[in-house]
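Taken together, the values in this text are just the output of simple stated rules run on the coordinates, not laboratory data. Remember, it's a predicted structure, so these values are computed and weren't measured experimentally. All Cβ positions, even for glycine, are placed from backbone atoms using ideal geometry, and neighbour counts span all protein chains on display.
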Amino acid sequence: MYQEDNPMKSIDLPVVKAESLNQDYFILWVQEQSLAAQTKAGQFFQLKVPDSQSLYKPISVYDVDKAFIGFFVKKLGKGTNALSQLRRGDLLSLIGPLGTEFPIQSKKKVVLISGGVGYPPMWYLRKQLAKQNDVYWLHGGNSKQDVFPCDEIWTVDGSLGSKGFVTQGLEAILKFNSFDVIYACGPEPMLKAVYQLANEYKVKLYVSMEAYMACGIGVCHGCVVPTGSSENIEYKKVCDDGAVFDANDICWSAL
Amino acid sequence: MNRLQTSLGKLQLSNPITVASGTFGTEYGSFYDLNSLGAYVSKTITLHPKPGNPPPRLYETEAGLINSIGLQNPGLDIFCSQYLPKLSSSLSIPIIVSFSGSTIEEFAFILERLESVEGNIAYEVNISCPNVENEGIAFGVDAQTVRKLTERLALLTNRELIIKLSPNVSDIVSIAKAAVDGGADSLALINTLYGMAIDYKSGKSKIKRGIGGYSGKAIKPVALALTYKVASAINIPILAMGGIYNWMDALEFFYAGASAVAIGTGNFVNPTAARDTLIGLEDYMTERNLTLKDVIGKVEF
């Protein structure tokens with residue numbers, strides 16, 4: 001008999017609450033005590049509609065509250081659109097929790113920065129950090145549809161908050177304050193810009209990377225990001241080496 | 001009575017359900033007992049470690065998956081010293097080691113090294129990966145080369161020698177016959193088809209390298225047709241794969257002439273797909289009082 005020591009689970013759970021935020025974003029909640037207890041900020045689950053012939057979609061954990069786990073999802077394609085159709089009582093197929101977690105600090109000055117669908121993991125992370133740290137959260141999106149509650153909002157079209165890229169906000173606060181750690185999640189161009197700023201102002205940076213996935217459990221090697229130096233790239237898997245990486249490990253020039 | 005007993009040449013399998021190289025790992029042991037499978041198939045190993053292709057490497061289409069992994073693997077040394085001993089000690093089912101090379105000598109070198117490792121081991125020779133330049137498909141498209149390579153390898157081993165064929169050829173039967181003439185014990189087919197996807201809004205390829213390997217539901221009719229075609233032309237067993245997600249898909253391949261099947265992309269759609277396929281097949285055979293032998297190659301027209 002051969003079974004892994006720390007088994008992952010695939011499980012079907014009823015949706016206990018389905019919230020539509022606007023035409024692009026929605027939140028699904030499930031209830032499962034033991035899964036909730038082991039789910040850390042920065043981790044994700046593979047989600048799909050039961051019996052669908054499509055792949056699972058990797059969705060980061062938005063919140064854990066007692067036995068409830070929340071997934072904040074953007075409709076991006078067939079899989080996420082199917083998930084958006086789920087209503088209270090419908091079954092959701094899950095595999096997880098998967099991937100690495102954000103390292104939790106104490107007594108630090110912390111910046112969270114998120115872009116677009118990078119928002120959800122920051123919500124749970126902020127909850128974990130807020131008790132023992134001084135946390136400031138900037139979030140940016142294309143338009144007011146893409147932004148949600150935080151400390152500082154940026155939109156590319158200026159429809160809500162400051163007009164421009166959220167990284168402009170980061171630069172402004174780094175210029176006049178000292179911080180110990182930055183956590184970032186969002187599209188690659190944003191993460192690259194955050195990395196440059198973190199380097200310039202010498203602040204420790206952790207990033208949560210996004211990637212297209214198939215298995216989600218470390219088998220297929222489909223979801224890789226380049227790490228190491230540009231002369232000697234090592235592709236690491238977002239699903240089990242990440243999704244949270246120390247930004248210094250990523251080979252940003254190869255992205 | 002084991003209704004699902006089957007064999008691939010010299011290799012006796014307690015059931016015909018295996019997994020496609022590159023789509024499986026011991027991680028699936030979290031979901032079910034891997035020793036329930038007919039055999040375990042490793043990810044393809046090459047002589048030297050391969051970093052793999054730049055991302056994006058994946059794209060899901062309407063009915064399948066395009067991949068461009070590029071045979072990322074730790075190389076023969078680490079596989080033999082770390083991975084294979086761990087597999088051998090924990091699995092009681094046959095382990096089919098998939099490997100690839102860039103010259104006939106390199107294939108031979110790898111096989112000789114694997115010969116030194118004890119265990120219930122068989123070989124699947126990957127001459128059909130569409131995602132690498134020098135290994136893989138470069139070997140699988142020319143009948144002469146396939147024959148020479150198979151001859152060379154067959155002389156070096158008494159273990160089961162499976163040649164894995166590509167669908168991306170004009171005449172798969174001539175390639176299959178070349179492998180048979182060279183001394184293959186069985187054939188595995190099909191590897192992925194060439195596939196590509198482009199974002200119509202930006203004009204950008206969804207896969208960094210452009211063309212990748214296409215698998216999943218969409219390729220099942222192609223795989224079934226090629227299985228039937230090859231099975232009708234040769235007399236060694238076939239390990240068939242291509243879009244098998246469940247026991248009903250698997251049955252179709254047995255009717256077409258396969259002696260065993262592999263689940264590939266189906267593992268990603270359902271992590272217990274291989275086990276579920278096995279259970280479904282057992283139930284079906286028991287209900288109808290059939291054995292696998294009653295079904296293999298018995299397609300009617």
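Here are the numbers for this structure:
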| read-out | value |
| --- | --- |
| Neighbour cut-off at most 14 other Cβ (10 Å), DSSP loop, GluC sites (Glu not before Pro), region B:105-137 | B:Glu118, B:Glu133 |
| Hz values of 3J(HN,Hα) by residue in region B:239-248 - Karplus curve (6.51, -1.76, 1.60), Gly and Pro given as x | 9, 9, 7, x, x, 8, 10, 7, 5, 5 |
| Candidate lysines - alpha carbon under 26 Å from B:Lys86, same-chain residues fewer than 8 apart omitted | A:Lys9, A:Lys236, A:Lys237, B:Lys10, B:Lys43, B:Lys50, B:Lys164 |
| Between region A:71-107 and region A:165-195, the Cα center-to-center distance that results, in Å | 25 |
| Which of B:Thr272, B:Thr145 has the fewest Cβ neighbours within 10 Å, and the rest in rising order | B:Thr272, B:Thr145 |
| log10 of Debye I(q)/I(0), alpha-carbon scatterers only, for chain B at 0.09, 0.13 Å⁻¹ | -0.39, -0.86 |
| Nearby lysines by direct alpha-carbon distance to A:Lys131 (threshold 21 angstrom, same-chain neighbours under 8 apart not counted) | A:Lys40, A:Lys66, A:Lys107, A:Lys108, A:Lys109, A:Lys204 |
| C-alpha center-to-center spacing [region B:19-54, region A:129-143] in angstrom | 40 |
| Residue-count net charge about A:Ser20 - beta-carbon cut-off 13 Å; Lys, Arg +1, Asp, Glu -1 | +3 |
| D_trans [Stokes-Einstein, Kirkwood Rh over alpha-carbon pairs] for chain A, 20 °C, 1.002 mPa s, µm² s⁻¹ | 115 |
| Förster-model FRET efficiency, 45 Å R0, B:Phe109 and A:Ser230, C-beta, rounded to 0.05 | 0.90 |
| Relative frequency of Cα-Cα separations exceeding 35 Å in the protein assembly as shown, percent | 39 |
| Whole-angstrom gap from region B:64-110 to region A:207-255, using each part's C-alpha centre | 22 |
